[in-house]
Amino acid sequence: MMRTLANRGDKRKFHLDYCAPYPEDLVFQPELEQLGETNANLTFTLRPTRKGGRLSAELVQTQYPYTEGTVAFICGPQAYMDYRSRR
């Protein structure tokens with residue numbers, strides 16, 4: 001999504017909370033850093049979940065409070081999606 005926004009020159013704010021079990025699993029980190037350096041509207045958080053825990057509903061509410069017009073998406077492996085849908 002960030003790549004598409006950058007390629008289109010879209011200036012809407014976009015934040016990605018990128019989660020993976022271990023830091024070495026955050027394989028898109030170099031590209032995200034490059035996109036963030038060249039597009040001030042594109043930001044991200046790296047979240048190695050084995051160390052810091054998964055992104056919870058409570059964490060979303062405190063770190064990413066809703067503002068009018070905000071749209072949020074969640075994606076991941078099916079087991080994660082099933083887990084999130086029960087919470």
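Every number in this text was worked out from the coordinates using simple rules, so none of it is lab data. Since the structure is predicted, the reported quantities are computational estimates derived from the model, not experimental observations. All Cβ positions, even for glycine, are placed from backbone atoms using ideal geometry, and neighbour counts span all protein chains on display.
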- Using θ = phi - 60° and Karplus 6.51 cos²θ - 1.76 cosθ + 1.60, couplings along segment 71-77 (whole Hz; Gly, Pro as x): 10, 10, 10, 10, 8, x, x
- Note on the structure: Projecting the Cα atoms of GLY69, LEU42, ALA20 onto the charge dipole of the chain, where Lys and Arg contribute +1 and Asp and Glu -1 at Cβ, the residue farthest towards the positive end is GLY69
- Which longest uninterrupted range of the chain lacks any chymotrypsin sites (Phe, Trp or Tyr not before Pro) assigned by DSSP to a loop state (not H, G, I, E or B) and surrounded by at most 16 other Cβ atoms within 10 Å? 29-65
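Which value does Rg/Rh take for the chain over its C-alpha atoms, Rh per Kirkwood?
0.97
Quote the charge dipole size of the chain about the Cα centre in Debye, to the nearest 20; the model charges only the Cβ of Lys and Arg (+1) and of Asp and Glu (-1).
Dipole of the chain, to the nearest 20 debye: 240 debye.
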- Task: Calculate for the chain the 222 nm mean residue ellipticity that helices alone would give, adding -39,500 (n - 2.57) per DSSP H run of length 4 or more and normalising by residue count, nearest 500 deg cm²/dmol.
- Result: -10500 deg cm²/dmol
- Under the Karplus curve 6.51 cos²θ - 1.76 cosθ + 1.60, θ = phi - 60°, whole-Hz ³J(HN,Hα) for segment 42-54, x wherever Gly or Pro sits: 10, 10, 8, 10, 9, 10, x, 6, 5, 8, x, x, 6
- Item | Extension gain from GLN63 to ARG86, taking 0.36 nm per residue of separation minus the Cα-Cα distance | 6.2 nm
- Mean separation of Cα contacts under 8 Å (6+ apart) over length of the chain, as relative contact order %: 27 percent
